[in-house]
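Participant: The following block contains the structure, expressed as structure tokens.
Every read-out reported here was derived from the displayed coordinates using simple, explicitly stated rules and does not represent laboratory data. Predicted model, so just to flag it, every value in this text is computed and none were measured. Here the Cβ positions follow ideal geometry from the backbone for every residue, glycine too, while neighbour counts run over all protein chains shown.
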Amino acid sequence: MRKTVFVILLVFVIWPLTVSNIQAAQSFKDVGSTHRALVSINYLAEGGIVSGNGNGHFLPDKTVTRAEAATMIGRAVGLDGTKRNTRFHDVGSQSFASGYIQSAVDAKIISGYVDGSFKPNNPVTRGEMALLISRAFHYNATNTASAAEALMKRGIAQGITQTDFGYTYNIKRADFAVFLARSINYKLRISPQVSFNIETEVTASSLNVRTGPSTAYGAVGSIPKGTKVQGSYIVGEWMYIRSSKLEGFVNSSYLSGTDTPKPGENNGQSVASQMIVIDPGHGGHDPGASGFGLKEKDVVLDTSLKVKALLDKTPFKLTMTRETDVYPTLAKRVEIAKAAKGNIFVSIHANKFNGAANGTETYYYSAATNPYVADSKLLATKIQNRLLAAWNLRNRDVKKGNFHVIRENNMPAVLVEMGFIDNEKDVEKLKSPEWRQKAAEAIFYGILDFYKEKGFNVTSYYSIK
Ligand SMILES: [Zn+2]
């Protein structure tokens, strides 16, 4: 806490001088010119992310409720706030927050309670706030401690003392605004510093650069088509970029290679609408192939659970045909996939032949009766390419196969043979948990590559490990 007071002062003093329009946007009667959260609250108000009580008051000292938190975060990252029915018995479609609550739940930013309630009026603690922000901004935290760590590392939040983050304290609207504004705009952070690692290019004839991630924010200038820019991070569909002259937010659908929905491809579907089915081969009484003391059923289950752990950090929906050492029949696996209304199906296996055969191959079912041949092949190709890059085994290619689980399915379906369990070279990778983690990441990235090509916005998930 030593020099932070000075740094905060510095940020607050410099900010209004370097970026215009923020102070002028809106002012609340109960947030005076010296209020610690003035700049943050005004910044969020300019983008319509926060609003007052209708009488010009912001109520900075009021505790944030779960409904308010879902709404503010939802607006910040551009979720659909249209009021509608939710899955919670205590959030009616007419609630001001129903749309944002349902969207935030779909995006796995916030969850309800096991009894089917959401408890919209319950207060949000600092620990919960850290987790919500981490999920919304893809900091890949898995619990409140790692979420708090993620926020402190980025200069978004500090502990209430040197050693205590204050997880259990309820958070006030003013402080929530400060943390949210800093998450959105790194220049508001303590010691503002981010890297610009995403190389991209402007594809619109003239792309506005804005002070925040929506058209509600003013433009600081525009960049002509073909200009190379460097991106830093993503807020919803917007990216914080810099060019030689300008810095700020641009709509990422006007940047090349950053994969925004292409009209007519995914019909505006979000990643959260997609159900992925992962099928670890064999199991229970069926060990599958074996070699060097290793059983296929164990290798593929561990790899599949690692894929699950990665997908669990995204808004994708996921169904596993098995998560333990049990044997669902092949028909049962297809039944599970269909009942889950799967959008893609990935069966994970290891191969065996004569000890000499080696390499990675991925199968898809190809018959005129199957409407998903092209997508199955595309998915197989993406996963195969990622696995080859990750494990560097022999390329046995993407092949047509006639396996039950891919033949009988009614969705793009593939079957991956990671390597040969009876081959001395391949088994080195198969038996190693570290290499299996790399295979899981490869399968995960392959799935992202597939969705990217289908026009879904998956850019931010590539940083997940
Ligand atoms: Zn197998």
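Participant: How big is the charge dipole of segment 4-188 about its Cα centre, in debye rounded to the nearest 20, if each Lys and Arg gets +1 on its Cβ and each Asp and Glu gets -1 on its Cβ?
Facilitator: Values: 18 positive and 12 negative charges, 32 e Å.
So the magnitude is around 160 debye.
Participant: Here's a follow-up. For every helix of n ≥ 4 consecutive DSSP H residues, a contribution of -39,500 (n - 2.57) applies; sum these over the chain, divide by its total residues, and give [θ] at 222 nm rounded to the nearest 500 deg cm²/dmol. Could you put the intermediate results ahead of the total?
Facilitator: On the way: 13 runs with 154 residues, N = 465.
The helix-only estimate for the chain comes to -10000 deg cm²/dmol at 222 nm.
Participant: May I ask for the Kirkwood hydrodynamic radius of the chain, worked out over all distinct Cα pairs and given in angstroms to one decimal? Intermediate values should be presented prior to the final figure.
Facilitator: Values: mean 1/r = 0.0415 Å⁻¹.
Kirkwood hydrodynamic radius for the chain: 24.1 Å.
Participant: Let me ask something additional. Using unit Cβ charges (K, R positive; D, E negative) and no other charged atoms, how large, in debye to the nearest 20, is the dipole of the chain about its Cα centre? Don't jump to the answer; show the numbers that get you there.
Facilitator: Values: 55 positive and 40 negative charges, 145 e Å.
Value, rounded to 20: 700 debye.
Participant: Looking at the chain only, what percent of DSSP beta bridges run antiparallel? Nearest 5 please.
Facilitator: On the way: 31 of 50 bridges.
Antiparallel: roughly 60 percent of the beta bridges in the chain.
Participant: Which aspartates and glutamates have a Cα less than 17 Å from the Cα of K382, not counting those fewer than 8 places away in the same chain?
Facilitator: Partners found: D259, E361, D397, E417, E441, D449, E453.
Participant: Mind listing the long-range amide H neighbours of L318? Cut-off is under 5 Å, sequence gap 5 or more, other chains count too, H placed in the peptide plane at 1.01 Å from N.
Facilitator: The list, which skips near neighbours in sequence, is I276.
Participant: With the cut-off at 18 Å, tell me which of the pairs K313/K465; K306/K431; K187/K225; K295/K399; K62/K153 have Cα atoms farther apart than that. Walk me through the intermediate numbers first.
Facilitator: On the way: K313/K465 9 Å; K306/K431 14 Å; K187/K225 26 Å; K295/K399 24 Å; K62/K153 27 Å.
Beyond 18 Å: K187/K225; K295/K399; K62/K153.
Participant: Moving on to the next point. Segment 115-162: D in µm²/s via Stokes-Einstein (Kirkwood Rh, Cα pairs, 10 °C, 1.306 mPa s)?
Facilitator: Working: Rh = 11.4 Å.
For the chosen part, D equals 139 µm²/s.
Participant: Among L301, P315, S290, which residue has its Cα furthest toward the positive end of the charge dipole of segment 290-335, with +1 on Lys/Arg Cβ and -1 on Asp/Glu Cβ?
Facilitator: Towards the positive end, the residue furthest out is P315.
Participant: Another question, if that's okay. Given that compact globular proteins tend to follow 2.2 N^0.38 Å, what is the ratio of the alpha-carbon Rg of segment 4-188 to that value?
Facilitator: Working: Rg = 16.1 Å, N = 185, 2.2 N^0.38 = 16.0 Å.
Output field value: 1.01.
Participant: Any idea how far apart Q94 and E424 come out in nm if each label point goes 7 Å out from Cα toward Cβ?
Facilitator: With each label point 7 Å from Cα toward Cβ, the separation is 7.6 nm.
Participant: In Å, the Kirkwood hydrodynamic radius of segment 35-94 over pairs of distinct alpha carbons?
Facilitator: Numbers: mean 1/r = 0.0767 Å⁻¹.
After inverting the mean inverse Cα-Cα distance, the result is 13.0 Å.
Participant: In degrees from 0 to 90, rounded to the nearest 10, what is the angle of the helix 126-136 Cα long axis to the longest principal axis of the chain?
Facilitator: Taking Cα atoms only, the helix is inclined about 60 degrees.
Participant: Sort the following peptides by mean Cβ neighbour count (other Cβ atoms within 10 Å, averaged over residues), highest first: 424-432, 327-335, 144-152. Write out the running numbers ahead of the final one.
Facilitator: On the way: 424-432: 17.8, 327-335: 16.0, 144-152: 19.4.
Packing order, densest peptide first, comes out as 144-152, 424-432, 327-335.
Participant: Okay, moving on. Pull up the DSSP beta bridges for segment 271-463 and report the antiparallel fraction as a percent, rounded to 5. Spell out each step's value before the answer.
Facilitator: On the way: 7 of 26 bridges.
Percent antiparallel among DSSP bridges in segment 271-463 is about 25.
Participant: Turning to a different aspect of this structure: So what are the radius of gyration and Dmax for the Cα set of segment 198-254, in Å?
Facilitator: Calculated on Cα positions, Rg and Dmax stand at 9.7, 26 Å.
Participant: While we're on this one: If I take R0 = 51 Å and measure r between the Cβ atoms of D30 and K338 in this structure, what FRET efficiency does the formula 1/(1 + (r/R0)^6) give, to the nearest 0.05? Don't jump to the answer; show the numbers that get you there.
Facilitator: Working: r = 56 Å, r/R0 = 1.09.
Once the sixth-power term is evaluated, E becomes 0.35.
Participant: Among 122-130, 393-401, how do they line up by average Cβ neighbours within 10 Å per residue, starting with the highest? Let's see the in-between values first.
Facilitator: Values: 122-130: 21.2, 393-401: 16.9.
So the order, starting with the most tightly packed, is 122-130, 393-401.
Participant: Next up: Can you tell me the mean projection area, over all orientations, of the convex hull of segment 271-463's alpha carbons? Units nm², please. Walk me through the numbers on the way to the answer.
Facilitator: Working: hull surface 39.2 nm².
Taking the Cα atoms of segment 271-463, their convex hull projects to 9.8 nm² on average.
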